[in-house]
1. From the residues in the range 532-551 that are farther than 16 Å from residue 561 by Cβ and either at pLDDT below 85 or within 16 Å of ligand 2 (Cβ to nearest atom) (or both), which one is surrounded by the most Cβ atoms within 10 Å (Cβ to Cβ)?
2. Looking for whichever is over 34 Å from the mean Cα position of the chain (by Cα) and more than 30 Å from residue 37 (Cβ to Cβ) here; the options are 205, 239, 250, 229. Which one fits?
3. Assuming residue 369 fulfils every condition listed in (1) surrounded by fewer than 20 Cβ atoms within 10 Å (Cβ to Cβ); (2) under 15 Å from residue 410 (Cα atoms); (3) within 16 Å of ligand 2 (Cβ to nearest atom) apart from one, which condition is it?
4. Does residue 354 satisfy being part of a strand (DSSP E or B) and either in contact (Cβ under 8 Å) with a residue 24 or more places away in the chain or away from ligand 2 (no atom under 16 Å from the Cβ) (or both)?
5. When you look at residue 255, is it under 30 Å from residue 181 (Cβ atoms) and assigned to a helix (DSSP H, G or I), yes or no?
6. Based on this model, can you work out whether residue 442 counts as surrounded by 16 or more Cβ atoms within 10 Å (Cβ to Cβ), outside the structural domain of residue 379 (by TED's automatic domain parsing) and in contact with a strand residue (DSSP E or B) (Cβ under 7 Å, 6 or more places away or on another chain)?
7. Looking only at the range 497-539, count how many residues are within 18 Å of residue 553 (Cα to Cα) and out of contact with any strand residue (DSSP E or B) (no Cβ under 8 Å at 6 or more places or on another chain).
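The values are calculated or read from the model by the stated rules, or taken from the named source; none is laboratory data. Bear in mind the structure is a predicted one, so any value in this text is a computation, not a measurement. Glycine gets a Cβ as well: all are built from the backbone with ideal geometry, and neighbour counts include every protein chain shown.
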Ligand SMILES: Nc1ncnc2c1ncn2[C@@H]1O[C@H](COP(=O)(O)OP(=O)(O)OP(=O)(O)O)[C@@H](O)[C@H]1O
Ligand SMILES: [Mg+2]
């Protein structure tokens with residue numbers, strides 16, 4: 001199934017390469033039969049017919065030159081499709097990796113994916129390049145050279161093939177051992193790469209906590225195991241080749257012991273015996289490579305399976321084939337009993353949330369750490385899909401919208417911003433750079449002053465994950481990224497903590513005015529700061545994944561609850577007087 005799907009999509013379209021390669025391979029094998037036959041004629045004419053010897057020598061010379069050309073061409077024609085398949089596979093995998101969602105990445109480690117795209121790819125290339133070449137080569141060699149040998153002398157042919165078959169059995173055992181060791185070495189390499197990757201990402205933390213020795217020890221242990229596997233592999237590999245030589249010498253021995261008397265009895269000419277020696281030498285490698293071929297197919301097939309898991313992973317796009325149109329206006333979001341549990345966990349991160357987020361309004365989200373604020377935003381932006389029937393725009397379930405359409409309409413500044421090792425401008429634009437708009441966005445994100453201090457301003461390369469920037473600068477670059485494109489839904493996850501209050505107020509106002517076609521976007525603003533929340537139209541208060549209160553800022557500070565407590569701890573002003581019969585939170589919805 002996997003193989004069929006792969007061949008149909010990647011190999012069949014390259015059939016003309018293989019056909020041309022096959023033609024040249026046929027010529028190569030035809031010449032491989034013709035040359036020894038000419039040799040036989042030449043040898044038998046030695047001393048009797050000098051003219052025939054000269055003609056034979058001349059023809060053999062010409063054919064030898066032709067072999068160089070056709071053999072090289074046949075190899076190029078078979079190996080090129082291998083590279084082409086690899087090229088297309090890599091492109092397709094990358095494309096898929098850009099589409100897959102966190103549920104996939106939480107199951108597969110980065111190092112593992114990298115190893116699939118690099119190591120496994122080598123085996124698949126071997127399968128369609130070398131593998132394809134050898135299958136046809138062995139078939140043609142047996143069909144042409146083998147047939148000619150049988151024609152010349154069946155008895156001698158069978159006798160000489162015997163050592164080859166025994167050699168093949170030994171070789172096969174060696175190849176199996178190699179296969180097992182190679183797989184082990186692949187897994188160990190994956191694990192080593194993962195360790196290096198983890199260290200690179202956290203090297204500063206390792207140094208800060210003096211954990212170098214522990215990390216080093218773990219790495220050395222795995223590295224040692226990796227080396228030992230490879231040394232064993234080298235042993236197996238080095239014994240295989242001499243074995244091949246031994247099989248060849250045994251064949252020559254048989255030829256001399258059995259063929260010699262045949263010549264004396266006149267059943268075989270000397271020339272034919274010489275031709276036999278050449279035939280055997282030519283058949284030896286293709287036959288021995290049968291064992292190799294089994295391994296190439298096995299490894300190729302295993303690797304194909306591993307690549308297949310990425311290539312055909314299901315991106316979570318549960319919308320039907322005919323997604324509903326997304327109206328180009330700021331959306332009003334209706335949450336109906338929204339619960340969400342991360343895969344593999346038991347406790348829901350969001351629990352039965354029912355609320356309406358009005359169009360074109362700014363909605364604050366408040367809650368203690370771990371209360372589910374970021375999760376709520378991730379579910380609304382469909383980083384993780386909400387369960388069906390829980391989030392609606394008007395009457396439409398957001399799962400029925402085209403995902404790209406939905407995201408194209410949304411600007412997100414996540415809590416932990418990610419910057420690529422590229423220039424600030426490229427990080428802001430995330431695509432074709434419009435310098436004018438980048439300037440505006442960085443100005444609005446209060447980054448202009450910082451840019452002046454950077455060596456190359458907008459063209460400064462920020463280093464791995466933005467390491468060259470301060471935490472606040474990184475956050476503001478992410479804000480500029482969200483400001484760069486007009487959106488109808490804006491989602492800011494606790495990103496205003498890196499700016500002073502005045503800038504914070506200005507940023508909220510700016511975000512509130514950058515909707516598409518000049519409309520006021522719907523904005524979700526997670527914050528711990530009361531000064532930011534005070535500027536919102538409506539606040540949702542979360543606690544342990546539940547919506548425990550909601551209302552306008554002024555309503556919330558006027559009734560007891562976590563919000564009022566937080567407000568009082570951040571303000572020295574006296575708390576507003578509570579009415580004596582202060583009602584507990586009434587579900588309140590702003591339209
Ligand atoms: N990717 C994830 N996989 C599994 N569990 C997660 C994941 N992200 C968050 N959680 C869990 O979900 C719960 C809510 O986390 P969330 O990040 O939404 O909290 P938060 O309110 O944003 O907190 P903070 O104020 O610290 O940012 C936590 O218990 C957390 O452990
Ligand atoms: Mg959070």
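1. 532
2. Exactly one residue qualifies, and that residue is 239.
3. Every listed condition holds for residue 369 apart from (2).
4. Values: part of a strand (DSSP E or B): yes; either in contact (Cβ under 8 Å) with a residue 24 or more places away in the chain or away from ligand 2 (no atom under 16 Å from the Cβ) (or both): yes.
Against the criterion (part of a strand (DSSP E or B) and either in contact (Cβ under 8 Å) with a residue 24 or more places away in the chain or away from ligand 2 (no atom under 16 Å from the Cβ) (or both)), residue 354 qualifies.
5. On the way: under 30 Å from residue 181 (Cβ atoms): no; assigned to a helix (DSSP H, G or I): yes.
Spelling it out, it is not the case that residue 255 is under 30 Å from residue 181 (Cβ atoms) and assigned to a helix (DSSP H, G or I).
6. Working: surrounded by 16 or more Cβ atoms within 10 Å (Cβ to Cβ): yes; outside the structural domain of residue 379 (by TED's automatic domain parsing): yes; in contact with a strand residue (DSSP E or B) (Cβ under 7 Å, 6 or more places away or on another chain): no.
No, not satisfied.
7. From the range 497-539, those within 18 Å of residue 553 (Cα to Cα) are 501, 504-505, 508-509, 512, 522-539; that's our starting set.
Adding the requirement that they be out of contact with any strand residue (DSSP E or B) (no Cβ under 8 Å at 6 or more places or on another chain) leaves 501, 504-505, 509, 529-531, 534.
Total satisfying the criteria: 8.
Yes/no matrix, rows are residues, columns are (1) surrounded by fewer than 16 Cβ atoms within 10 Å (Cβ to Cβ); (2) within 16 Å of ligand 2 (Cβ to nearest atom); (3) under 30 Å from residue 561 (Cα atoms):
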| site | (1), (2), (3) |
| --- | --- |
| 330 | no, no, no |
| 343 | yes, no, no |
| 358 | no, no, yes |
| 424 | no, no, no |
